[in-house]
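Trainee: Right, I'll just put the structure down here and ask away after.
The values are calculated or read from the model by the stated rules, or taken from the named source; none is laboratory data. These figures come from a predicted structure and were not determined experimentally. When we count neighbours, we look across all protein chains shown, and the Cβ atoms used for this are built from the backbone with ideal geometry, even at glycine.
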Amino acid sequence: MFRVIYLSSATKLLSNDELSFLLRNAKIKNRKNNITGLLLYIDGDFLQVIEGEKKDVLNLFELIKIDERNRSIITVFSDDVDKRQFPDWLMGFSQLTYHDLQKIDSFENITKTTLSNIDDKVAITFINTFVKSHRNQISFI
Ligand SMILES: Cc1cc2nc3c(=O)[nH]c(=O)nc-3n(C[C@H](O)[C@H](O)[C@H](O)COP(=O)(O)O)c2cc1C
C-alpha cells in the first residue's frame, strides 16, 4: 500500500455545488481505482490523504497536481505504508475552518502558515486527532 498526504490551496473558493461535484466524481473514480482516503477543505485549503496501490496513488496525484481547481501543492508524505488508514472511505470529506481546528487539543495555534510547514509526523497526528474528535462531521458515503 502507498499513501500520499498533500496540502494545496483552491484556486478560487469553491461553492458547495462545486465541492459536491468534485467529490462525487472523485468517489466514482476512486471506486474503480481502489483508492481510499480523506479530503479536508479548510478555509479554501485542501489537506488530502490518498491511499491505494502505488501506481494508482501516484497517477492520481499527478492529475491533482495539474488540476486547475488547486495550486501551491505541498507534499507532506509520500511513502509505502503497511495498510490503509481509511479502508472504508472512498473519500471521507469534511469542510471546516482554521478556527474550528484551533479547538483541537495541541493544535490551538494552527494556521495556514503552520499547516504548510507541518512535518509528516505532526500531519499524521493531526489527521488522527481530527478524525477521532470530528468523526460525526465527516461524510464518507
Ligand atoms: C483537491 C482535489 C482533490 C481531488 N481528489 C480526487 C480523488 O480523490 N480522486 C479522483 O479521481 N480525482 C480527484 N480529483 C480530481 C482530479 O484532479 C482529476 O480531475 C480527475 O481525477 C480526472 O478525472 P478524469 O481523468 O476522469 O477526467 C481531485 C481534485 C482536487 C482539486
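Trainee: Would you check which residues across the stretch 60-110 are within 21 Å of I138 (Cα to Cα) and polar (S, T, N, Q) and list them?
Mentor: Listed by number, the residues that qualify are Q85, S94, Q95, T97, Q102, S106.
Trainee: Can you tell me how many residues in the stretch 4-15 are touching a residue at least 60 places away in the same chain (Cβ under 8 Å) and surrounded by fewer than 20 Cβ atoms within 10 Å (Cβ to Cβ)?
Mentor: Going residue by residue through the stretch 4-15, those that are touching a residue at least 60 places away in the same chain (Cβ under 8 Å) are 4-11.
If we keep only those that are surrounded by fewer than 20 Cβ atoms within 10 Å (Cβ to Cβ) too, we end up with 9-11.
Qualifying residue count for the region: 3.
Trainee: Moving on. Is there a residue being loosely packed, with under 11 Cβ neighbours inside 10 Å, aliphatic (A, V, I, L, M), at pLDDT below 90 and within 18 Å of T36 (Cβ to Cβ) anywhere in the stretch 122-141?
Mentor: Yes.
Trainee: Here is a further query. Considering only the stretch 31-41, how many residues are under 24 Å from F126 (Cα atoms) and surrounded by fewer than 20 Cβ atoms within 10 Å (Cβ to Cβ)? Write out each step before concluding.
Mentor: Within the stretch 31-41, the subset under 24 Å from F126 (Cα atoms) is 35-41.
Cutting the leftovers down to surrounded by fewer than 20 Cβ atoms within 10 Å (Cβ to Cβ) gives us none.
Selection size over the stretch 31-41: 0.
Listed here are the residues, each with its yes/no results for (1) within 23 Å of N128 (Cα to Cα); (2) more than 9 Å from the ligand (Cβ to nearest atom); (3) hydrophobic (A, V, I, L, M, F, W, C).
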| position | (1), (2), (3) |
| --- | --- |
| F2 | yes, yes, yes |
| S15 | no, yes, no |
| N30 | yes, no, no |
| D43 | yes, yes, no |
| Q48 | yes, no, no |
| K54 | yes, yes, no |
| I66 | no, no, yes |
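Trainee: Taking the stretch 1-29, which residues are part of a loop (DSSP other than H, G, I, E, B) and either more than 19 Å from E62 (Cα to Cα) or in contact with a helix residue (DSSP H, G or I) (Cβ under 7 Å, 6 or more places away or on another chain) (or both)?
Mentor: Correct list: K12, L13, L14, S15.
Trainee: To continue, here is another question. For the stretch 30-141, please list each of the helices (runs of 4 or more DSSP H) lying entirely inside it that holds at least 2 residues being touching a residue at least 24 places away in the same chain (Cβ under 8 Å), touching a strand residue (DSSP E or B) at 6+ places or on another chain (Cβ under 7 Å) and under 14 Å from Y6 (Cα atoms).
Mentor: The qualifying helices (runs of 4 or more DSSP H) are 54-65, 112-116, 120-133.
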